[in-house]
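Accompanying notes for the structure given below.
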Amino acid sequence: MATEIRALVDEGAARLARVSDKPRLEAEILLAAALARPRSYLAAHADSQVLDCEATDRFEAYVTRRALGEPVAYILGEKEFWSLPLAVTPGVLIPRPETELLVERGLAHLPPGEDLDVLDLATGSGAIALAIASERPACRVTGTDLSPVAIDIARKNARRLHLDRVGFLAGPWYEPVAGRRFDLVASNPPYIADDDPRVEHEVQRFEPHAALYAGPTGLEAITAIVEGALRHLKPGGWLVLEHGDTQGKPVRDLLRHAGFDGVHTHRDLAGRERCTEGVLKSRPVR
């Protein structure tokens, strides 16, 4: 039986209210995807009847999955980041809006038109590497990740976006780029402590554990990145790190102790300390 678009959205939003703080928005996103239409179509045709039974069945299936806690990005297989449509699966972390701050800070240290070398550690879907490559086409960008699944998804995204100066390599941290040095190293690594009670239940259930949790303190991955940066940054190269909103001071301390200058923490749009950077003025002997 045909149903009005408005009624479908209302029903979906009611079902999602338990799991989402934006149930109507998510219902609209899922219905638009089921109809293969932009969200703007829904408002313009709110009183129109949906005659496509397959589309309504898809919407019902989407809402059921979301009501069970599955993130919208995994349901649709895509997430927009830096205005780039990225394929995502449960094998990679879903890119967050706050990570765009990391991209902004990385771009601030990459003058347009210069042929520079950039490394993105724990690249996941390739979000950071691809965003930088889209803005700085003269740069050579490399992403590494321990997960071969993540590397496959990142390569797929690079092909979809026709960003051919980006390469992705599987392996832990700097191991796949042994002997190479970079003008910028950026990373959104795992930074959640194993016993952090603030992590949402849905995040724990659906997103890859290794991409979220760093260890007992939450600083284990960041510490490894800082130490490795001394061997993989060129003189004058920048290290830019995303971290938890309570980790600004310990990350600044790590960078200063390692010999970085210009250490500074930037806040995200919510006013939380989110990204810390520093420059390696000279190459230390380690």
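Read the figures in this text as sums done on the coordinates, not as results from a lab. Quantities reported herein were computed from a predicted structural model and do not represent experimental measurements. With ideal geometry, Cβ positions are generated from the backbone for all residues, glycine too; neighbour counts draw on all protein chains shown.
When the chain is modelled as a GNM with alpha-carbon springs shorter than 10 Å, which of Leu146, Leu269, Leu116 fluctuates the most? Result for the chain, Cα springs under 10 Å: Leu269 fluctuates most.
If each residue of separation counts as 0.36 nm, what is the full-extension length gain between Lys234 and Ser40 once their alpha-carbon separation is subtracted?
65.1 nm
How much length would be gained if the chain were fully extended between Ala7 and Asp261, taking 0.36 nm per residue of separation minus their Cα-Cα distance, in nm to one decimal?
Values: separation 254, 0.36 × 254 = 91.44 nm, distance 5.78 nm.
Result for the pair: 85.7 nm of gain on full extension.
In the range 3-69, Cα pairs under 8 Å separated by at least six residues give a relative contact order of 42 percent.
For the range 76-199, calculate the relative contact order in percent as a whole number, restricting contacts to Cα pairs under 8 Å that are 6 or more residues apart. For the range 76-199, the relative contact order is 26 percent. Placing pseudo-labels 7 Å out from each Cα toward the beta carbon at Glu227 and Asp47 gives an inter-label distance of 6.8 nm.
The helix-only estimate of mean residue ellipticity at 222 nm for the chain, built from DSSP H runs of length n ≥ 4 each weighted as -39500 (n - 2.57), is -12000 deg cm²/dmol after division by the residue total.
Taking Thr56, Thr99, Thr142 in turn, the Gaussian network model of the chain (Cα-Cα springs below 10 Å) assigns the largest fluctuation to Thr56. Extension gain, Asp115 to Asp194, is 24.5 nm, computed as 0.36 nm per intervening residue step minus the present C-alpha separation. Spin-label pair Arg181-Leu68: with each label point 7 Å from Cα along the Cα-Cβ axis, the two points sit 5.2 nm from one another. Pairs of Cα atoms nearer than 8 Å and 6+ residues apart set the relative contact order; for the chain it is 13 percent. Under a 5 Å amide H cut-off, with hydrogens placed 1.01 Å from N, Val50 pairs with Thr3, Glu4, Ile5 among residues at least 5 apart or on other chains. On the beta carbon distance between Asp21 and His162, with R0 = 30 Å, the FRET formula returns roughly 0.25.
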